[in-house]
1. Would you mind giving the three semi-axes, in whole Å and largest first, of the ellipsoid equivalent to chain B according to its Cα gyration tensor?
2. Taking only the alpha-carbon atoms of the stretch B:350-501, what semi-axes of the equivalent ellipsoid follow from 5 times the gyration tensor eigenvalues under a square root, in whole Å, largest first?
3. When averaged across all projection directions, what area in nm² does the alpha-carbon convex hull of the stretch B:260-329 cover?
4. Considering the options B:P392, B:I517, B:S11, tell which one lies farthest towards the positive end of the dipole of the protein assembly as shown, charges being +1 on Lys and Arg and -1 on Asp and Glu at the Cβ, about the Cα centre.
5. Assuming R0 = 30 Å, can you tell me the calculated FRET efficiency for the pair B:V699 and B:L568, based on Cβ-Cβ distance, to the nearest 0.05?
6. With angles folded into 0 to 90 degrees, how steeply does helix B:295-308 sit against the dominant principal axis of chain B? Use alpha carbons for both and round to 10.
7. If you restrict to DSSP beta bridges whose two residues both lie in chain B, what percentage is antiparallel, to the nearest 5?
8. When only alpha-carbon atoms are used, what values of Rg and Dmax, in angstrom, describe the stretch B:90-186?
Amino acid sequence: MNPTATSPASRSGLIALCEAADVPFGEGRSVTLHGRRIAIFNTAAGFFAIDNDCPHQGGPLSDGLLADACVTCPLHGRRVDLRSGRVQGHDESVRTYELYLLEGSLWLNFDAMEPLAA
Amino acid sequence: MSQTIRTRKRSSVAVIGGGIAGQAVIEAVREQAPDLSIKLFCAEDHAPYDRVRLTELIEHGRPVDDLRLRPDEWYADHKIEVVTGTRVSRLDTRSLTVYTNDDAQRFGAVCLATGSEAMVPPIEGADKPGVFLYRYPGDCEQILGNARPGARAAVIGGGLLGLEAAKALVSLGCRVTVVHLMDRLMERQLDATAAAMLLNSMQDLSVEVLTEHATVEVTGEHTADGLRFADGDSLACDFIVVSVGVTPRIDLAKRAGLTCERGVVVDDRMQASAPDVFAVGECAQHDGIVHGIVAPIYDQAQAAAAAIARAKDVFYTGSIPSAKLKVMGVDLVAIGNVENGETVTFTDPATGVYRKLAVSEGQMVGAVLMGDTRGHELLLDIAKTGKLIEDPLATLARASEATAAELPDGAQVCNCNGVCKGDIVSAIRERGLTSIQEVVAVTRAGAGCGSCKPLVSEILKLETGDVVDEQAYLCPCKSLTRDDIAGVIREHGAKSVSEVATRCGAGRECGACKPGIAYLVSEINDNKHREERGARFINDRVHANIQKDGTFSVVPRIYGGVTSPAELRRIADVAERYEVPMVKFTGGQRIDLLGVSKEQLPAIWEELGMPSGHAYAKAVRTVKTCVGSRFCRFGIDDAIEMGIELEHEWEGVYTPHKVKAAVSGCPRNCAEASTKDIGLIAVEGGWQVRVGGAAGASVREGDVLVTVETKGDAMRIATTFLQYYREHGEYLERTYGFVERVGLDVVRENVLDESTGEPQRLRERFRLARAAVTDPWLERREPVHPKQFSEIDSEAAPAGRPAVAFGSESTPAQSPVAVNDSEPTPAGTPVA
């Protein structure tokens with residue numbers, strides 16, 4: 001399923017991130033929200049948002065190599081599933097976020113991330 | 001009676017015509033008669049080449065030699081005399097004498113393979129400058145000379161060749177209009193539905209198509225400037241390509257008194273109306289039919305060769321016309337005729353797939369496969385063998401899922417060289433072949449465009465029980481090797497990684513192979529590929545080397561490791577101004593600025609004013625030098641000068657893995673050239689060229705490729721080796737692994753033996769690739785994307801800003817732009 005829904009039930013709690021065009025196709029970019037570095041990806045399977053820091057050694061996942069729905073950390077090659085946040089072959093995972101594409105802009109579900117903000 | 005005649009051994013044969021047919025005849029004859037003297041007459045200046053791939057001369061600017069069917073050695077090894085640029089002027093069928101302008105020679109047999117020539121339609125003004133045919137390499141050269149981007153080209157003829165020409169012109173940036181006399185494109189191969197789908201694909205490529213337009217005049221006072229049609233309309237254009245079909249070239253046969261209708265009339269042994277005279281290919285007419293495609297040639301050549309060699313009887317009983325091709329980016333297979341009989345079709349307009357099978361009285365009479373040509377080998381075999389079809393729809397569906405195991409031995413696998421599955425299987429069994437390379441070398445299957453290699457590989461796996469050597473997959477997810485993917489790129493003319501992904505799925509699952517495919521796409525397209533940064537490792541998106549903390553290192557190019565006080569001062573100033581955490585010398589005699597943020601890169605490059613050193617890339621990194629004879633009292637030759645020259649020559653060229661080089665001015669070897677990928681060492685009386693050295697994770701002394709007398713020779717050979725490695729190295733295979741895998745003898749053969757022409761061609765391709773390279777650090781002024789060097793909430797420091805200190809702002813680009821950190825923006829209010 002494409003996680004980039006185009007019609008969320010309500011717009012409350014959404015944070016406008018950027019224009020969709022700010023994230024080049026096939027690449028990722030990062031943004032800081034509430035002290036967390038979040039990576040936004042523009043893939044053939046849609047837009048995804050996950051924590052930017054690789055659980056292995058903190059590598060910037062937004063600089064990683066993208067496939068249709070996974071990213072490979074540029075430092076040591078950990079592979080993270082963009083839908084589940086699971087790290088392939090390791091008992092590790094990163095946080096995923098709900099992301100919406102509305103009229104050409106990307107919005108992150110703020111409510112969904114609130115419990116983690118620390 | 002005929003028995004006694006046929007026991008008399010023939011001593012010689014003349015094959016007239018150096019095309020695909022002529023080549024097929026000499027290969028078949030040589031196979032059946034090892035001692036027969038064979039002479040091939042080529043009217044063109046080239047030895048036989050693959051005319052089917054003529055479009056590549058335009059599209060990729062390749063030299064004709066790239067299309068050669070066989071290299072010079074092959075003719076020498078097989079004792080075949082080849083004369084090029086020599087037209088046969090007369091043939092005496094009684095004495096079997098072949099006359100050229102300055103010679104006459106008698107043979108035991110003569111085979112005509114004179115092919116056909118381009119038809120020139122009776123259009124007024126068709127002889128004006130600016131009107132070109134599309135048949136010979138020379139035509140392509142002329143077309144290339146006129147096909148500037150934006151030029152308006154008219155192609156007369158919407159058949160196979162015309163559309164090929166049109167596609168090539170589009171790829172060069174021309175605005176193309178195809179003018180066709182009939183009501184649909186390729187009416188000989190396609191039905192109305194398929195033709196309409198093809199039309200759509202052409203319109204996607206912005207090609208205009210005018211059907212049912214009869215051209216009556218080429219307008220223009222001196223040179224062509226447009227076309228006028230029978231209905232009075234006209235079309236303005238800058239040049240015109242005419243491709244309305246071919247006509248058999250039979251003037252020589254006619255003058256020799258041979259029976260000719262449309263072509264030279266032959267019997268089932270391909271013998272013409274005179275004894276010992278044969279005809280094969282597009283000039284031959286068998287059972288009333290003149291074939292204008294490649295496929296029947298191989299069967300005809302076998303029959304003719306058997307008769308020429310007086311071997312066993314082989315009869316040619318006709319062919320079902322079939323063609324596998326790519327028109328306007330669409331894969332197409334047309335077999336037989338789909339206009340008759342009962343038909344079943346499968347259509348998916350969304351993906352541009354159209355598959356149609358025509359059956360008459362339980363027997364297949366034709367098929368059209370468009371967009372998805374899987375299973376065409378199976379269908380062609382059904383057509384050839386006349387197998388009964390009970391359920392046409394099921395047959396059509398099953399064909400698309402056919403595996404190598406289901407293919408009958410007679411199924412043709414390689415269309416370029418006419419190799420059937422059975423040929424491959426018996427070669428594997430009889431000669432114990434275990435690798436794709438061996439199978440290609442022995443059977444020739446896959447030696448042309450390479451698109452059948454995945455199938456060849458499947459057949460090999462079947463025979464060897466999945467044990468296949470050299471399975472270094474470039475895309476392990478899809479079990480595709482470098483060769484497989486290279487085949488896909490060549491067959492489809494793919495110019496980008498995403499096109500490759502669309503064709504074969506490589507890179508979509510885990511993405512790890514994307515940089516390898518990106519390299520392959522760039523290498524095969526001589527760097528005239530379509531760059532997609534998402535397919536590149538982060539280092540190649542921002543042209544700097546990522547460090548453990550996500551910062552980058554900057555290594556400017558310092559040719560040969562020779563710098564100047566002013567350059568050092570500038571580097572020092574930049575390091576201070578941007579508070580670069582560490583400045584360090586590298587192992588390759590360069591200066592490394594470590595700990596730079598992504599956003600700082602453009603500004604730092606601008607202030608350095610030096611080209612990229614490519615320390616982050618799989619590319620030629622450095623040419624390390626010693627001081628050599630300029631200062632050193634032991635120096636034999638000028639290592640610095642050569643190092644600097646080589647680094648300029650190789651700068652910016654990407655390679656399968658990093659390439660480190662060095663030049664030492666004497667055998668003391670202070671530049672450590674013996675443990676570099678490419679090392680040159682001055683010795684008394686010349687230069688030693690070493691390759692495959694390493695002193696990293698592996699340590700290996702480079703092999704001495706050759707020792708030559710002059711600096712120029714040494715540099716030329718080093719460059720030739722570099723290109724050989726670029727074309728044959730597996731991605732991420734260093735030269736030390738490459739040289740060991742390939743073997744030094746093979747490297748020498750390809751890099752040193754100038755008589756084959758291959759070293760020259762390697763250098764030519766290197767030159768093309770090098771010419772298309774620019775300094776990536778110039779992207780500081782023209783980034784490929786506004787956010788190339790920044791995050792969502794940061795901006796890159798502008799390049800070209802005045803050289804003033806940033807003061808206390810250590811990282812000038814950290815202020816959040818899109819989102820305020822402490823106060824979430826109310827929903828619904830977009831932030832700039």
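The values are calculated or read from the model by the stated rules, or taken from the named source; none is laboratory data. Remember, predicted model here, so these are calculated numbers, not experimental data. Positions of Cβ are backbone-derived with ideal geometry, glycine not excepted, and every protein chain shown enters the neighbour counts. Accessible surface is based on the protein model in full, side chains and every heavy atom, while ligands, DNA and RNA are left aside. Shrake-Rupley method; radii C 1.70, N 1.55, O 1.52, S 1.80 Å.
1. For chain B, the ellipsoid semi-axes come out as 53, 34, 27 Å.
2. They are 27, 21, 13 Å, listed largest first.
3. 5.1
4. Value: B:S11.
5. After rounding to 0.05, the efficiency reads 0.40.
6. Its long axis makes an angle of about 60 degrees.
7. 65
8. In Å, with Rg to one decimal and Dmax whole: 19.0, 57.
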